[in-house]
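Here's the structure, in structure tokens; my notes come after.
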There are 4 protein chains.
Amino acid sequence: MNFELSAELCALRDRTRQFIAEQVIPYENDERQSHHGPSEALRRELVAKAQAAGLLTPHASPEMGGLGLSHIAKAVVFEEAGYSWLGPTALNIHAPDEGNIHLMEEVATPAQKERWLRPQVAGQTRSCFAMTEPSPGAGADPSMLTTTAVRDGDDYLINGVKWFITGAEGADYAIIMARMEDGSATMFLSDMDRPEIILERNMDAMDACFTGGHGVLRFDNLRIPATDVLGEVGKGFRYAQVRLAPARLTHCMRWLGQARRAHDAALAYTRRRQAFGKPLAEHEGVGFMLADNDMDLHTARLHIWHTAWLLDQGEKCNFESSRAKVVCSEAQWRVVDRSVQMLGGQGVTGESPVMRIFTDMRAFRIYDGPSEVHRWSMARKLVHMADKAAEGA
Amino acid sequence: MNFELSAELCALRDRTRQFIAEQVIPYENDERQSHHGPSEALRRELVAKAQAAGLLTPHASPEMGGLGLSHIAKAVVFEEAGYSWLGPTALNIHAPDEGNIHLMEEVATPAQKERWLRPQVAGQTRSCFAMTEPSPGAGADPSMLTTTAVRDGDDYLINGVKWFITGAEGADYAIIMARMEDGSATMFLSDMDRPEIILERNMDAMDACFTGGHGVLRFDNLRIPATDVLGEVGKGFRYAQVRLAPARLTHCMRWLGQARRAHDAALAYTRRRQAFGKPLAEHEGVGFMLADNDMDLHTARLHIWHTAWLLDQGEKCNFESSRAKVVCSEAQWRVVDRSVQMLGGQGVTGESPVMRIFTDMRAFRIYDGPSEVHRWSMARKLVHMADKAAEGA
Amino acid sequence: MNFELSAELCALRDRTRQFIAEQVIPYENDERQSHHGPSEALRRELVAKAQAAGLLTPHASPEMGGLGLSHIAKAVVFEEAGYSWLGPTALNIHAPDEGNIHLMEEVATPAQKERWLRPQVAGQTRSCFAMTEPSPGAGADPSMLTTTAVRDGDDYLINGVKWFITGAEGADYAIIMARMEDGSATMFLSDMDRPEIILERNMDAMDACFTGGHGVLRFDNLRIPATDVLGEVGKGFRYAQVRLAPARLTHCMRWLGQARRAHDAALAYTRRRQAFGKPLAEHEGVGFMLADNDMDLHTARLHIWHTAWLLDQGEKCNFESSRAKVVCSEAQWRVVDRSVQMLGGQGVTGESPVMRIFTDMRAFRIYDGPSEVHRWSMARKLVHMADKAAEGA
Amino acid sequence: MNFELSAELCALRDRTRQFIAEQVIPYENDERQSHHGPSEALRRELVAKAQAAGLLTPHASPEMGGLGLSHIAKAVVFEEAGYSWLGPTALNIHAPDEGNIHLMEEVATPAQKERWLRPQVAGQTRSCFAMTEPSPGAGADPSMLTTTAVRDGDDYLINGVKWFITGAEGADYAIIMARMEDGSATMFLSDMDRPEIILERNMDAMDACFTGGHGVLRFDNLRIPATDVLGEVGKGFRYAQVRLAPARLTHCMRWLGQARRAHDAALAYTRRRQAFGKPLAEHEGVGFMLADNDMDLHTARLHIWHTAWLLDQGEKCNFESSRAKVVCSEAQWRVVDRSVQMLGGQGVTGESPVMRIFTDMRAFRIYDGPSEVHRWSMARKLVHMADKAAEGA
């Protein structure tokens, strides 16, 4: 066992940290941000800086123009990028693009990659992932998928409504999950500038860190040629898992950066602000919160590292990524909530960046599977493994 | 012991509940609201409705134009009003006016009451309470007060900066806390339309439920005649306690209404939304959250009732109102956080009112004394009482 | 609403408090105690003292020889009695006798009362309640009852095994729950000195406060005449509810006394013991625990009082007693766990009474329905009430 | 970064696991155990088995007769040994001997090692560590040391009282911490069979897993020659740190084994026991507890591994071992508490081994520094590091 990072990775980490501190954080008060994230102009400006710094899309394969980072390397670099809410956008590792890039690398045909993936890795385009649907459609339970794909000659006709589609507004292409006539699911690729794709509205969300916000999309007889199926017909649910296990983990990595940022802000404030005769940080009650933050941050980091290493060994990590997702989303949330509390009035206003982190992060305990769904899936696996062990014995 | 409410109070409760449901909630999507709360025009429209319904400023004395509610009666009525975030504004029981009205009733001279209190009870004016200061001034520790009042002939000259002054923008008068040359504190009354009172800016806060938002005020040689001292010179800290103990409790009451609203929204959603083969509410994991919500709501209500009853008996309730504040702010927060979780994507977007309640409520664990300050003050009291009992024995 | 206790009740409370302090606590180190509770000799000595003090079996009806306490009065007196783990035995209000006495008063015939109840109220006898069974029988789910009662002439023949039967060893009579041929359940009364009732063993339990411990009983063709049926045939499950709702609450009352005792021990110790330059209680981290204890104790007390008052109004309180049971068992447990922590090494050894309270109390979160079963039953009720309200609207 | 264990270590782990399962667990019901742990006869029988299996005292250096395990290797092997409460005794890695062996290896002279360490590594003797004192002496705050050592010719005379001295009864030698006339502290070695060492009593503790229990020792003019000073005079506090940082971590390792055992027992039971129509484990509420257990166990393991690796790199790990101690003692406790809850009545009786684990483990949150002391020490370090970073910047 060895927790040492290679000198190369340490250098990349330090370079990323410096890039975020010097070139990204100064943009945090840039006015080209709204409740639907940074504007496209701001995004392009940040991307250009990351490109100049040699940090753009680092998780993509070298063939496509990335740095080909391992999962462990992503753990280290994404945490650094996540220190600013603009960092993931700058490095082109924001959701859903980061996960879409991973999925495209795994499943897309060479032609599909040239058409959609290469410009995306270059930071020129954005994408969205159209899976979640309004009630009674697919939410925490993906099997409830209602959007349909019906074969029509060499094409498929897609109909349905999707929502919580992150980055939909302004996306160049979409990966669309739809139900086939036999009940299986298939993923389809489509440019977004089609009249049959209607962005009905952008949702009013608590978070403001995702470029393009979260849209409601309607597919109205959207015709997609069979060549634009992503991977094989009928394997949609399997590909969703291919995408989701590592995507869950990269969320954990980025949010770890944000949680550390919140803790650092609270630590700085409580060392400075006096109350009842001494700095806040010298009050035991506050000190305990600082210690709890450190414990939670380190717990999250260790779960991320371990799961990333397993992914690097070729494990699927459905169980481990569920576990890491629950542990991290809850531990990181506690860190941010405690940081708000330590900051007092500063924590609930724009006087500190932590208010922003607080409202940005809450949804993380819900998306990519709420804690409850992951706990239940873990429980079934634990019982299943015990059943198998009992049979073996 | 008797938990029964009088028939009169039940009728008032039901009338308030109906008023909120039928006449206030329909305004919740009214566009005359911003991050700094409802506009003055919207406030006046709501106040007119409450007046027509006979529910305006019910906690004020009948002499001043109110209903003269006891603390227990307030517990019941304010919870109902709090069911909508516009309810407290409609009934003119929002912070800080509600507490200011109480303080003015207790301490102001007849002339002061006629000038400032009577129009406020009629819903025609608003007020603010200028105590909290930026670092290194008075925050959780009020003894760090830095705003000064210096005697100058028959007047006082006030200088200093205040922030987190709720309702400052648009307020008609202010109660200002300032430090005297001898280190004691005094409260002063002043109209707000004075050039020496500068609203430097309105803060960017997480909550959006307080009319006028939270302002930063500067007093630049503000001249106040001795007749506008509120109560006696040098008794500012004592009056702050007179104001704070019941004011803490009315926060608990109003937020109990909001927490109940969040729970009701989650309960309605989970009864309707299907996942994994049955309604969410029929999943044990969700059911447990509903049960926990009910426990927390009832716990909060019982603490409120008990403390209100003690206040009605003439107790000061410094200890009990601290305890109720911690219990309620934390229990109600858990209710809202769980409700967000049960609502999933709905909970973190404007699809449900609960997102709004979540961001509105977080600061309640901080203002009027953060949980940590109240816990410590309770601890000292517990030790002190035990010391005295030990001496007696 | 009125939280005042009558002068009479206050006097009874003070008298009980004094009795426990002066006449019961001195027995706590008496050697006539084992893992299966106080010996019969010790019990009789304590009962005689309570009788002399006019405090014996205070919840029984005056007709049977008790004081006929209301539920509210029980809340007050039982908390005082619970301050010592020997208190409930002394006052003859320990489980399961306290609940059995209540059930007998409600359901037994005059002849049954004379034979079994009167001597029990006088403190001369003890009883047990034989419901719980080993797997796959009735545990948290009472419907899994496997002990059978078969009609045979004018009698019933009972066969089956029970466990966790508190007080079985040394009990004079038992209330036995058995399944009828039609699937319903019936309660039977039987003397314990019958050869067909075999006490197979006394279980090795974590708690040591229940007289007689927890036994495993086997009924081997136990013949019971129809005249010894308790109440009506087939109404066993209904009577179990009659017994359980108030019995749950009296557990809460007695354990509240024990939790308060633990808190008092921790408060005394932390005021005295120095560390890092000052008494433990002057460390914020310890002070916060003292404050949390006070909050939890008061929360438990308020839930008990409210539910007791509802029972006094004639409500069945299935929901409310479930809620109170979960709230109290969890809040009181937190109090005791924190008290152990504050006491440090004292808390995990016989140097303080709190170790004993800790091991005695853990099972309270399990018996009379584990927290999980109550949460689920509460959830179903909340959903059911919401469904009905929706239908009505 | 690499989480892989060497093939050699995996083999040792599997061998230890098998040894515990086949040769140690069968002794768990052996009657030669009391509240003061296994008897010396039982201990010797277990030690002989470990010796035969080549697993005795594996952490000692090969020179002294051990296997010279690294900290990482200890993490793996001690968790396995801890799966049975008799495992640490069998492998001679129980507290306090395990830590004493480590300290002796680091500090003792060759002559001291031959006299005291070699027979101990061979499992022939036991030792105790006499530091903690009754109030007002050294407890959580070691600086309050009151036992004195006064120079007298070539000897020292030791006077004082110690308590919570684990393993005192039956120990062959003691490491004694005493205060010098200049206020510094020194460690002394002494055989235990001296009339000036009086075992006043063995304390009545909640745990029953430590051989020899926890004794109260009095030193009555105990004369110790200067050659029996352990290390250098005046360096007692420093050596205490040398001993404590890794000793804290080995506690975490052993208790991780016990926590896993509790979880396994709960998992097995809930897969088997039916309630409300299906096995307990198929109820979401129970499944969530199983998942939480898995998360807590993995969190504890990751913290142990990481800190062990740092120790292997030569780091002192005062901060990290504090952090691991708090995280592990609290996470493992939650696991055991949840396991009790899932086991219901089984969990609070000797029907399952988990009751024993529950009462054995509670003190772990207190000894070797209560959670509160570690949190505070972590907080000061976090502030100190931030202060230094701020100075550097």
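The values are calculated or read from the model by the stated rules, or taken from the named source; none is laboratory data. Because the structure is a prediction, the values reported are computed rather than measured. Positions of Cβ are backbone-derived with ideal geometry, glycine not excepted, and every protein chain shown enters the neighbour counts.
Side notes on the structure shown:
- Subset of the stretch C:21-47 (residues that are surrounded by fewer than 22 Cβ atoms within 10 Å (Cβ to Cβ), of a type outside the set (D, E, K, R) and touching a helix residue (DSSP H, G or I) at 6+ places or on another chain (Cβ under 6 Å)): C:Gln23
- Among the candidates B:Ala379, B:Ala386, B:Ala390, B:Ala331, the residue that is in contact with a Gly (Cβ under 6 Å, 6 or more places away or on another chain) and more than 18 Å from B:Pro88 (Cβ to Cβ) is uniquely B:Ala379.
- For the stretch D:120-127, the criterion of being touching a Pro at 6+ places or on another chain (Cβ under 8 Å), part of a helix (DSSP H, G or I), within 30 Å of D:Asp204 (Cα to Cα) and at pLDDT 95 or above is satisfied by no residue at all.
- Test: A:His251 is crowded, with 23+ Cβ neighbours inside 10 Å and within 14 Å of another protein chain (Cβ to nearest Cβ): no
- Filter pass, B:Arg356 being under 22 Å from the mean Cα position of the chain (by Cα), surrounded by fewer than 22 Cβ atoms within 10 Å (Cβ to Cβ) and under 23 Å from B:Ala95 (Cβ atoms): yes
- Applying the criterion of being not in a helix (DSSP H, G or I) and not small (Gly, Ala, Ser) to the residues of the stretch B:48-76, the residue that is surrounded by the fewest Cβ atoms within 10 Å (Cβ to Cβ) is B:Leu67.
- Restricting the stretch D:263-273 to residues that are assigned to a helix (DSSP H, G or I) and more than 13 Å from D:Ser339 (Cβ to Cβ), the residue that is farthest from the other protein chains (Cβ to nearest Cβ): D:Arg272
- Only one of the listed residues (A:Val373, A:Val340) is modelled with pLDDT of 95 or more, crowded, with 24+ Cβ neighbours inside 10 Å and among the β-branched types (Val, Ile, Thr). That residue is A:Val340.
- Filter result (on the phi < 0 side of the Ramachandran plot and out of contact with any helix residue (DSSP H, G or I) (no Cβ under 9 Å at 6 or more places or on another chain)) within the stretch D:219-235: D:Phe219, D:Asp220, D:Leu222, D:Arg223, D:Ile224, D:Pro225, D:Ala226, D:Val229
- Whichever residue in the stretch B:1-16 is more than 13 Å from every other protein chain (Cβ to nearest Cβ) and either aromatic (Phe, Trp, Tyr) or in contact (Cβ under 8 Å) with a residue 12 or more places away in the chain (or both) and, among such residues, is surrounded by the fewest Cβ atoms within 10 Å (Cβ to Cβ): B:Arg15
- For the stretch C:102-121, a residue qualifies if it is closer than 25 Å to C:Arg15 by Cα and surrounded by 23 or more Cβ atoms within 10 Å (Cβ to Cβ), and the qualifying residues are C:Gln120, C:Val121.
- Qualifying residue in the stretch B:77-89 (condition: more than 13 Å from every other protein chain (Cβ to nearest Cβ), modelled with pLDDT of 95 or more and touching a strand residue (DSSP E or B) at 6+ places or on another chain (Cβ under 6 Å)): yes
- Residue selected from the stretch D:209-249 under the condition touching a Ser or Thr at 6+ places or on another chain (Cβ under 8 Å) and basic (Lys, Arg), by the criterion farthest from D:Thr146 (Cα to Cα): D:Arg248
- Residue in the stretch B:106-129 that is under 30 Å from B:Val373 (Cβ atoms), within 14 Å of chain A (Cβ to nearest Cβ) and without any contact (Cβ under 8 Å) to a residue 60 or more places away in the chain present: no
- The residues of the stretch D:232-244 that are buried (at least 20 other Cβ atoms within 10 Å of the Cβ) and within 19 Å of D:Asp155 (Cβ to Cβ) amount to a single one, D:Gly236.
- Selection from the stretch B:188-213 of residues that are part of a strand (DSSP E or B), touching a residue at least 60 places away in the same chain (Cβ under 8 Å) and either surrounded by fewer than 15 Cβ atoms within 10 Å (Cβ to Cβ) or in contact with a Phe, Trp or Tyr (Cβ under 7 Å, 6 or more places away or on another chain) (or both): B:Leu189
- Counting only helices (runs of 4 or more DSSP H) wholly contained in the stretch C:274-374, the ones carrying 1 or more residues that are within 10 Å of chain B (Cβ to nearest Cβ), small (Gly, Ala, Ser) and within 25 Å of D:Leu280 (Cβ to Cβ) occupy C:318-343.
- Subset of the stretch B:285-305 [touching a helix residue (DSSP H, G or I) at 6+ places or on another chain (Cβ under 6 Å) and without any contact (Cβ under 8 Å) to a residue 24 or more places away in the chain]: B:Gly285, B:Gly287, B:Phe288, B:Ala291, B:Met295, B:Leu302
- Selection status of A:Leu189, out of contact with any strand residue (DSSP E or B) (no Cβ under 8 Å at 6 or more places or on another chain) and either at pLDDT below 95 or not basic (Lys, Arg) (or both): no
- Only one of B:Gly160, B:Gly139 that is more than 24 Å from the chain's Cα centre (by Cα) and under 25 Å from A:Leu280 (Cβ atoms): B:Gly160
- Summed over the stretch B:153-170, residues that are farther than 26 Å from B:Thr211 by Cα and hydroxyl-bearing (Ser, Thr, Tyr) total 1.
- Qualifying residue in the stretch D:89-101 (condition: farther than 24 Å from D:Ser34 by Cα and more than 15 Å from the chain's Cα centre (by Cα)): no
- Considering the stretch D:146-170, the residues that are part of a loop (DSSP other than H, G, I, E, B) and out of contact with any helix residue (DSSP H, G or I) (no Cβ under 8 Å at 6 or more places or on another chain) include one that is surrounded by the fewest Cβ atoms within 10 Å (Cβ to Cβ), namely D:Gly153.
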